[in-house]
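The values are calculated or read from the model by the stated rules, or taken from the named source; none is laboratory data. What you see is a predicted model; the values in this text were computed from it and never measured. Every residue, glycine as well, gets a Cβ built from its backbone with ideal geometry; the counts of neighbours run over all protein chains shown. Each accessible area value is taken on the protein alone, full model and side chains, heavy atoms only, with ligands, DNA and RNA left out. Shrake-Rupley method; radii C 1.70, N 1.55, O 1.52, S 1.80 Å.
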Amino acid sequence: MIEPANLKLVEDKHLLLNEAIEDLEHRKVLSLSIQKQELSVAHAGEIQTLQDEIASLKLDKIKLEEKIASDERVRYLENERDYYRKESLKLHAAAETMKSKLEKSEIERKKMKREIEMLKLAN
């Protein structure tokens, strides 16, 4: 048979063990709660960082699209400028040719006029 003093000692140790287990459970819950809060804060910070990066990338995308559109407009205007420049040079060359022909015609007209006047004087 177990002596009452030993039984009392076992009951006391059992009570201390249960208190220690409850204390560990409480500390575990508290520790997990703190870790959950810390992870939640860290996660929220990472989410905010990612959202900021996404917003920045969207802005970069819009700027690049605008630049591409602007570059296309510049290319179009350069092509149009080149076309009108070529046409202008063609018209200038044609005008120079006509001017030269006009000057030759004017010289020929004056020459013929003098010949007619000389023929009139001779008759």
Residue-count net charge about residue 121 - beta-carbon cut-off 15 Å; Lys, Arg +1, Asp, Glu -1: +1
Most mobile of 39, 89, 15 in a GNM of the chain (Cα contacts under 10 Å): 15
Most positive-pole-ward Cα, 21, 5, 54, against dipole of the chain from beta carbon charges: 54
At 1.4 Å probe size, with no ligands or nucleic acids counted, give the accessible surface of residue 12 in Å², nearest ten. 60 Å²
Cross-link candidates for residue 120: which lysines have Cα within less than 23 Å, leaving aside residues fewer than 8 places away along the same chain? 110, 111
Taking θ as phi - 60°, what are the ³J(HN,Hα) couplings along region 95-106 by the Karplus curve (6.51, -1.76, 1.60), each to the nearest whole Hz, with x for Gly and Pro? 5, 4, 4, 5, 4, 4, 5, 4, 4, 5, 5, 5
For region 35-42, Karplus-derived ³J(HN,Hα) couplings (6.51, -1.76, 1.60; θ = phi - 60°; whole Hz; x for glycine and proline) come out as 4, 4, 5, 4, 5, 5, 5, 5
Using the Cβ atoms and a cut-off under 13 Å, what net charge is assigned to the surroundings of residue 45, where Lys and Arg are +1 and Asp and Glu are -1? -4
Can you return the lysines within cross-link range of residue 13? Criterion is Cα-Cα under 30 Å, with same-chain partners fewer than 8 residues away left out. 28
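With N set to the number of residues, divide the alpha-carbon radius of gyration of region 54-96 by 2.2 N^0.38 Å and report two decimals.
Details: Rg = 18.5 Å, N = 43, 2.2 N^0.38 = 9.2 Å.
For region 54-96, the normalised Cα radius of gyration comes out at 2.02.
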Starting from the 7 Å offset along Cα-to-Cβ, what nm value, one decimal, do you get for the label separation of residue 64 and residue 34? 4.6 nm
Quick P(r) readout (region 31-123; Cα-Cα; 10 Å bins; whole %) gives 12, 14, 12, 11, 10, 9, 8, 7, 6, 5, 3, 2, 1, 0
Please give the length that would be gained between residue 53 and residue 108 if that part of the chain were fully extended, namely 0.36 nm times their separation in residues minus their C-alpha to C-alpha distance (nm, one decimal). 11.7 nm
Add +1 for every Lys or Arg and -1 for every Asp or Glu among the other residues with Cβ under 13 Å from the Cβ of residue 109, and state the total. +1
Backbone HN-Hα couplings from phi across region 21-32 [Karplus 6.51/-1.76/1.60, Hz, Gly and Pro as x]: 5, 4, 5, 5, 4, 4, 5, 5, 4, 4, 5, 5
Assigning unit charges at the beta carbon (Lys, Arg +1; Asp, Glu -1) and nothing else, what dipole magnitude in debye, to the nearest 20, does the chain show about its Cα centre? 2460 debye
